[in-house]
Amino acid sequence: MGDLEEEYDYTKIPPTGSVEGIAAGAPEDSPRIGVYVCHCGINIKMVVDVGDVTRYAASLPNVVVARHYIFMCSDPGQDLIRKDLAEGRVNRVIVASCSPRMHEPTFRKTCSDSGLNPFYYEMANIREHCSWPHGDFHKEATEKAKELVRSAVARSALLEPLEEKLVDVKPEVLVIGGGVTGMYAALDIANGGYKVHLVEKKPSIGGHVAQLSRTFPTLERAASLLTPRMIEVGAHPNIDLMTYSEVEEIGGYIGNFDVKVKRKPRYIDTEKCKDCEKCVAACPVTDVPDEFNEGLSTRSAIYIPFPFAVPPVYTVDAEHCLLLKEGKCGDATLDGVKEGKEAPPCLEACPGAIDFGQKEEIEELTVGTVIVATGYDIVEPTVSAEYKYGVYPNVITALEFERLTSPSGPTGGKIVVNGKEPKDVVFISCVGSRNKQVGNEYCSRVCCMYIAKQAHQVKEQLPDANVIVTFQDVRAFGKGFEEFYGDVKKEGVFYMRGLPGEIYKKPGRDRVVVRGENTLLGEPYEQEADLVVLGVGLAPNKGVESIISMLKLSTSVDGFLMEAHPKLRPVDTATDGIFIAGCCASPKDITDSIAQGKATASGSLLYLVQGRAVIEPAISQINEEICIGCARCVDVCPYGALELDEVRHVMTVNEAVCKGCGGCNSVCPSGAATMKHYRDRQVYAQIEALTEITDVGMLAELESAAAAVAAEASAGATDTGSETGEGEGTETEAVPSAG
Amino acid sequence: MGTLYEDMVACGGEIFGDEHIETLRECVQCGKCTASCPSGRNTALRTRKLFQMALTDMREEIFNSPELWFCSTCYTCYERCPKGVKTTDLIRTMRNLAAKEGHMSVPHRMIGVYVMKTGHAVPLGPAQKELRKAVGLDEMAPTAQKYKDQLEQVQTIFRTTGYDAMIDFDWDTMNLKGMDKGGKK
Ligand SMILES: Cc1cc2nc3c(=O)[nH]c(=O)nc-3n(C[C@H](O)[C@H](O)[C@H](O)COP(=O)(O)OP(=O)(O)OC[C@H]3O[C@@H](n4cnc5c(N)ncnc54)[C@H](O)[C@@H]3O)c2cc1C
Ligand code: SF4
Ligand code: SF4
Ligand code: SF4
Ligand code: SF4
């Protein structure tokens with residue numbers, strides 16, 4: 001076993017062929033199955049003897065014709081099916097090819113275009129299940145392909161036609177996250193003429209891009225790129241901007257998602273706030289770490305996150321405001337303020353916009369589609385403790401560096417450390433990325449280029465500074481990236497290969513020492529530095545967890561949101577009408593984030609423009625005559641699709657909510673809950689057909705292999721040996737013989 | 001004898017499991033191990049380079065290089081390697097193979113001699129004995145260094161496993177063959 005048989009030469013198999021099936025003369029109203037075996041170029045044919053599978057298919061019950069062809073998904077391939085359907089030759093179609101995830105929609109459409117109900121289509125996956133995994137086992141892979149075809153044939157004969165249902169789509173969209181991704185998604189939909197509710201948890205939209213100083217590789221000011229778009233979002237008549245808000249609850253289904261949004265009180269009347277800043281000077285609290293500046297400066301308890309914030313209004317931070325936290329600010333008490341008898345300093349300074357009587361509000365919406373664009377958090381730099389972030393002030397994150405070089409930042413854009421201009425600056429790549437030990441195996445995609453940008457910024461501001469970038473690989477794959485990297489090196493930034501091992505400080509010194517190996521020289525070095533910038537990676541935003549559970553989204557192993565298909569459906573999710581875009585799906589730069597944001601807008605507009613959406617018909621069905629109303633299924637249904645009709649005491653299915661997972665089917669004690677397209681009898685027929693073993697020679701081989709395994713196992717264990725042997729014997733006998 | 005990699009998986013796999021040793025192939029030569037190595041700070045040990053040499057099957061060069069024996073097995077690189085390469089255990093495995101092929105360094109063999117003679121890699125010396133007496137303890141700790149019969153058991157283990165032959169131990173002089181007491185040729 002194992003070697004490709006010499007006599008099998010796939011090049012000898014012609015590009016197409018067909019065999020008349022044993023049911024060729026069957027009456028029109030009986031199942032008449034056509035089986036179409038695909039070569040997938042040579043992907044399948046190289047291992048699976050497609051000619052043999054075709055001949056075998058023709059010998060199975062109800063098969064009228066079996067054909068094989070080089071590419072079934074091609075137009076001429078689909079024509080074979082169309083022709084057989086047009087001539088009335090077949091009324092059931094099976095394609096034995098690749099995964100249904102790949103081409104089930106293709107062939108279903110081939111059928112429906114020719115007037116056959118698409119649920120009379122069935123697929124046998126002989127590529128992912130046969131030729132690819134069993135590449136060295138030609139004979140066994142061919143046998144397995146036959147078995148899969150046999151089980152598809154058994155199921156096909158029992159299939160029922162299903163009607164696809166349509167639901168109306170509410171012409172409004174919910175966008176969660178007001179970073180650059182969510183902003184672009186919202187703008188496209190709004191400009192298309194539809195209503196968008198944009199929910200952002202922070203007081204302003206803008207996300208991380210608002211914090212950046214310049215952008216690679218063009219070095220444009222991030223603020224000048226972003227501000228016009230932010231203003232557009234804030235002023236757009238079709239955009240209902242809900243900042244300082246969070247989604248509390250989402251239910252429903254494509255076309256009709258019911259959403260509850262929590263609107264946190266800002267204690268400011270946004271209409272009346274004049275953006276005059278007088279309250280800030282009055283507030284006695286001055287030591288709140290400023291999150292927009294990454295903690296490099298402080299702010300008061302009443303604040304605007306940054307000068308070009310949208311909406312341009314102030315917010316009272318309830319966590320730090322003395323009046324809200326401790327009930328007293330200056331001489332004013334919260335009760336006194338609410339009664340209008342007393343006033344804290346901010347209220348006295350403010351021309352009438354502050355309102356401590358505001359309460360949290362819940363707003364209810366119904367939307368047709370949902371776009372998740374919750375972005376990222378930077379990886380905690382302390383995951384690589386050897387770089388001493390938080391221990392030495394000379395060690396900062398790249399996001400802090402963005403604030404240092406930003407005109408709106410704490411130093412007005414000047415690069416200073418401990419009050420001095422740095423002379424030696426070291427950048428460290430891949431901090432918290434590409435690192436199994438910290439649990440992030442992926443590459444964060446943007447750090448190589450932002451490091452190049454930041455290294456350039458140092459050189460530009462401090463031409464005499466010694467700037468070293470330490471790296472393991474430089475990934476400069478985007479448009480203009482490699483050229484930019486070259487330019488930065490020409491400016492005198494030294495790229496030193498090798499990741500530093502640790503950072504330490506000699507007693508009494510301000511500067512730190514970076515220990516590394518220049519791997520291209522094979523020589524260790526110790527480099528003193530005034531400033532070390534950690535090229536921290538990107539991780540999924542922590543705030544996304546509640547969204548994941550509300551929307552029943554999946555995540556990939558890296559923790560980022562999972563797309564419906566990594567190549568073919570990059571912004572769809574497993575649930576129709578829910579889209580993901582930007583850095584919540586994987587790390588990416590602004591360009592790619594915007595592209596995805598716009599893609600989700602287009603995906604949503606498809607539904608909004610049509611006003612209707614097709615819902616999956618392969619869902620649960622309750623046989624009301626058998627249902628005993630025990631409601632056990634309600635507990636297992638993850639989508640809340642089931643509801644007991646209290647009057648008739650039977651279960652009912654909300655067809656738009658049910659995803660056809662089959663949970664109810666498996667727990668129903670009376671057999672009343674079944675799945676359309678996966679009826680018990682259809683699945684059992686499939687299983688039975690699979691467990692038949694037809695090839696007698698193969699059976700003997702399997703038996704002797706099993707016996708050998710049993711003998712080996714019993715060689716060591718004396719008393720269990722005979723039992724194992726017996727077990728094997730009875731099991732083999734129980735297998736039904738050739739059918 | 002296969003490639004060095006194969007032999008390492010066979011030899012180290014027995015102790016640590018194959019997958020542990022197979023991490024060698026995941027090394028991306030980032031140099032963080034060398035950069036973290038306290039020994040490499042003062043010696044010629046380039047941890048990263050050892051793995052590159054192992055991957056390019058430079059068996060003789062590794063086995064004949066004194067650097068292989070400079071690792072203090074502190075496991076710093078093991079903790080910091082971003083790829084989860086089991087660095088220190090790979091070095092230990094290479095040492096095992098080198099030793100089997102007669103390449104053990106003299107200081108390492110001398111440690112064997114101490115164990116053979118006293119049951120300890122670091123036996124109690126005069127200073128420690130004084131210290132023990134000063135704090136009111138028996139001059140000797142109750143170990144193989146004190147009890148002849150226990151020491152004999154240690155020596156039996158060494159004889160049975162052939163360790164004595166591996167380090168070229170001379171039972172007459174109770175030292176390495178061809179060496180004076182200081183361990184020098
Ligand atoms: C140091 C650094 C420098 C960079 N430099 C560049 C550069 O020069 N050029 C470039 O192209 N890219 C750069 N990037 C990458 C850039 O930041 C991202 O491409 C971009 O921010 C992605 O936008 P986003 O909208 O997907 O995510 P984000 O910018 O993270 O925005 C997500 C938004 O969603 C909000 N949100 C999160 N959770 C919720 C929730 N549950 N409910 C409501 N709202 C929520 C957040 O508050 C935030 O406003 C850099 C990144 C870093 C770390
Ligand atoms: S009440 Fe006091 S602490 Fe709160 S925002 Fe006003 S001045 Fe600041
Ligand atoms: S983009 Fe560059 S710095 Fe960032 S993780 Fe990837 S290789 Fe490392
Ligand atoms: S730290 Fe790990 S990946 Fe990097 S060179 Fe050393 S062993 Fe290889
Ligand atoms: S374990 Fe060995 S190679 Fe690794 S850091 Fe310690 S001394 Fe260096």
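The values are calculated or read from the model by the stated rules, or taken from the named source; none is laboratory data. These numbers were taken from a predicted model, which means no experiment stands behind them. No Cβ is skipped: glycine too gets one built from the backbone with ideal geometry, and neighbour counts run over all protein chains shown. Heads up: the accessible areas ignore ligands, DNA and RNA and are worked out on the full protein's heavy atoms, side chains in. Shrake-Rupley method; radii C 1.70, N 1.55, O 1.52, S 1.80 Å.
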I'd like the FRET efficiency for A:N238 and A:A24, computed as 1/(1 + (r/R0)^6) with the beta carbon distance as r and R0 of 45 Å, rounded to 0.05. 0.15
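Could you give the size of the charge dipole of chain B about its Cα centre, using +1 on the Cβ of each K and R and -1 on the Cβ of each D and E, expressed in debye and rounded to the nearest 20? Can you show the working numbers first?
Working: 25 positive and 24 negative charges, 160 e Å.
For this selection, approximately 760 debye.
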Taking the Cα centre of chain A as origin, work out the dipole magnitude from +1 charges on Lys and Arg Cβ and -1 charges on Asp and Glu Cβ, in debye rounded to 20. 2440
Name the residue farthest towards the positive end of the dipole of chain A from the options A:T573, A:S74, A:L347, assuming +1 on Cβ of Lys and Arg, -1 on Cβ of Asp and Glu, about the Cα centre. A:L347
Starting at 0 and stepping by 20 Å, how many percent of the alpha carbon pairs of the protein assembly as shown end up in each bin? 11, 28, 33, 23, 5, 0
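Which whole number gives the average count of other chain Cβ atoms within 10 Å of the Cβ atoms across peptide A:499-507?
Details: counts 11, 5, 15, 6, 0, 0, 0, 0, 0.
Mean partner shielding for this stretch: 4.
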Please express the shape of region B:4-100 as an equivalent ellipsoid: the semi-axes are the square roots of 5 times the eigenvalues of the C-alpha gyration tensor, given largest first in whole angstrom. 18, 16, 12
Computed over region B:4-100, protein heavy atoms only, probe 1.4 angstrom, the accessible area per residue in square angstrom equals 41
Residues in region A:441-477 that, when all protein chains are in place, have 20 Å² or more less accessible area than the chain alone would give (probe 1.4 Å): A:Q472
Using packing as a proxy for protection, rank A:617-629, B:86-98, B:128-140 so that the peptide with the highest average count of other Cβ atoms within 10 Å comes first. B:86-98, A:617-629, B:128-140
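What's the buried accessible area, both sides, between B and A using a 1.4 Å probe, rounded to 100 Å²? Display every interim value, and only then the final one.
On the way: alone 10690 and 34140 Å², together 43020 Å².
Using a 1.4 Å probe on protein heavy atoms, the buried area is about 1800 Å².
When DSSP beta bridges are limited to those with both residues in the protein assembly as shown, what percentage is antiparallel, rounded to the nearest 5?
Working: 61 of 110 bridges.
Around 55 percent of the beta bridges assigned by DSSP in the protein assembly as shown are antiparallel ones.
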Burial of 50 Å² or greater, region B:26-52 residues [accessible area, probe 1.4 Å, versus chain by itself]: B:C30, B:K32, B:A35, B:R41, B:R46, B:R48
With Cα coordinates, the longest principal axis of chain A makes an angle with the long axis of helix A:447-461, in degrees rounded to 10, of 20
Below 8 Å, C-alpha to C-alpha, sequence gap of six or more: please give me the relative contact order for chain A in percent. 12
Sort out for me the Cα centre separation of region A:183-231 from region B:32-87, rounded to whole Å. 48
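Compute the accessible area per residue over chain A, keeping the other protein chains in place, probe 1.4 Å, unit Å².
Counting only protein heavy atoms, the per-residue value for chain A is 45 Å².
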What nm distance separates the two modelled labels at A:Y525 and A:A86, each placed 7 Å from Cα along Cα→Cβ? 7.2
Sorting check: for B:156-165, A:239-248, which peptide has the highest mean count of neighbouring beta carbons within 10 Å, and how do the rest follow? A:239-248, B:156-165
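Roughly to the nearest percent, how much of the accessible area of the protein assembly as shown is carbon and sulfur, given a 1.4 Å probe?
Numbers: 22480 of 43020 Å².
The value for the protein assembly as shown is 52 percent carbon and sulfur by accessible area.
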Between B:D168 and B:L137, what is the label-point separation in nm under the 7 Å Cα-to-beta-carbon projection? 3.6
Sum of -39500 (n - 2.57) over DSSP H runs of 4+, divided by residues of the protein assembly as shown (222 nm, nearest 500): -10000 deg cm²/dmol
For helix A:180-191, report the angle its Cα long axis makes with the longest principal axis of the Cα atoms of chain A; keep it between 0 and 90° and round to the nearest 10°. 80
In nm, to one decimal, how far is the modelled label at B:T3 from the one at A:E624, with both set 7 Å along Cα→Cβ? 7.0
Take each of the peptides B:102-110, A:225-233, average the number of other beta-carbon atoms within 10 Å over its residues, and list them starting from the highest. A:225-233, B:102-110
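Averaged over peptide B:80-93, how many Cβ atoms belonging to another chain are found within 10 Å of each residue's Cβ? Before the final figure, lay out each step's value.
Values: counts 8, 4, 14, 6, 4, 1, 0, 0, 0, 0, 0, 0, 0, 0.
Across the residues of B:80-93, the mean count of other-chain Cβ atoms within 10 Å is 3.
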Can you list the residues of region A:385-400 whose accessible area drops by at least 30 Å² going from the chain on its own to the full set of protein chains, with a 1.4 Å probe? A:E386
Placing +1 on each Lys and Arg Cβ and -1 on each Asp and Glu Cβ in region A:92-229, then taking the dipole about the Cα centre, the residue among A:V199, A:G135, A:P118 whose Cα reaches farthest towards the positive end is A:V199
Given a cut-off of under 8 Å on Cα pairs at least six residues apart, what relative contact order in percent is computed for region A:73-184? 24
